[in-house]
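Visitor: Sharing a structure with you now.
Every number in this text was worked out from the coordinates using simple rules, so none of it is lab data. Everything numeric in this text was worked out from a predicted model, so none of it was measured. With ideal geometry, Cβ positions are generated from the backbone for all residues, glycine too; neighbour counts draw on all protein chains shown.
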Amino acid sequence: MKLGVARHLPYLLYRLLRHTPPFRKLASQIPAYAYEEYLIRQFLESDHGAAYGVTRAERVQLLRQFQQIVRVIPSGTPALYHMLFAQDILNMPPDLPGAVVECGVWKGACSTSLSLVCERVGRRLYVCDSFAGLPGTVPHRYELGHAQAYDELGPGLLWGTLAEVQHNIAQYGSLAPCEFIVGWFEESLRHINEPIVLAFLDADLESSTRACLRHLWRLLAEDGLMYCDDAANMDVVRVFFDDGWWQAHVGCRSPGFVGLGCGLPLNPGLSTLGYTCKWGSSATMRRVYNYEFVLT
């Protein structure tokens, strides 16, 4: 009898707790934790960076550093995003020339993480910001449509000084691969003239995002990636589908955007991260029949 009761104790405990607010909150977070754990395991156990001689132990160390960085430096992006950027950079062929660019760095948390990866693979990192906060003279309404939420982004918001960002990178990352591009994007990004393999835009405003695209897209290598942390803001996302603007200002068709409106599926809810890619020659594409791409 006692053994029978003991066997059912977990279920009885579940019946008692399942309607309590703490239990329901914990249960709602389990899918997010599980998927994040899957992404982390995939980063650690696959051979990302093998072409550079990067070992599993080094990937473990990088992840630990990313997690520490977002704990000690105010960050608008989680360590998981930093890990995904690192994974893409590690997978870039060593013979593919190009730098990494971040536009909109706040206190430099993501730049600090990127600096560690760029130093390891021998790529330059352009750290681009006004270092004076957001531009403009009046607050900007920033909407997250699918979340039914908004914020007011005022001039000067998200401000980190150049000295502050440099200090954070020096203390927790590496200044060696970094070049700091200071000023409003419309003018400052003209100083970048080398190829780019990966860019991360966290510009917050539609006008600032257009400035980044106008200057950086021409430098993006074939199959290069351009991430954007404003995937949940439709004003910004629409820019990536504005064919007329792209033809007039960039000289090509709009590239589209993966994760529009609700971000990449990095957790069960809303994420803010999406990306586009400068696809290579159509000669690398294969024809598929009968929706084979869905079935395989």
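Visitor: What chymotrypsin sites (Phe, Trp or Tyr not before Pro) does region 160-237 have in DSSP loop regions with at most 16 other beta carbons within 10 Å? All intermediate terms of the calculation are to be shown ahead of the outcome.
Guide: On the way: sites: Tyr172, Phe180, Trp184, Phe185, Phe200, Trp217, Tyr227; in loops: Trp184.
Sites meeting the loop and neighbour criteria: Trp184.
Visitor: Let me ask you something else. Any chance you could run the full-extension gain for Ala132 through Arg238? It's 0.36 nm times the residue separation minus the Cα-Cα distance, nm to one decimal.
Guide: So the chain would gain 35.5 nm between Ala132 and Arg238.
Visitor: Using Cα-only point scatterers and the Debye equation, what is log10 of I(q)/I(0) for region 183-263 at each q in 0.14, 0.26 Å⁻¹, rounded to two decimals?
Guide: With no solvent term, the Cα-only Debye profile gives -0.42, -1.53.
Visitor: Efficiency by 1/(1 + (r/R0)^6): what FRET value for Glu45 and Ala170, r their Cβ-Cβ distance, R0 = 35 Å, to the nearest 0.05?
Guide: That gives a FRET efficiency of 0.65.
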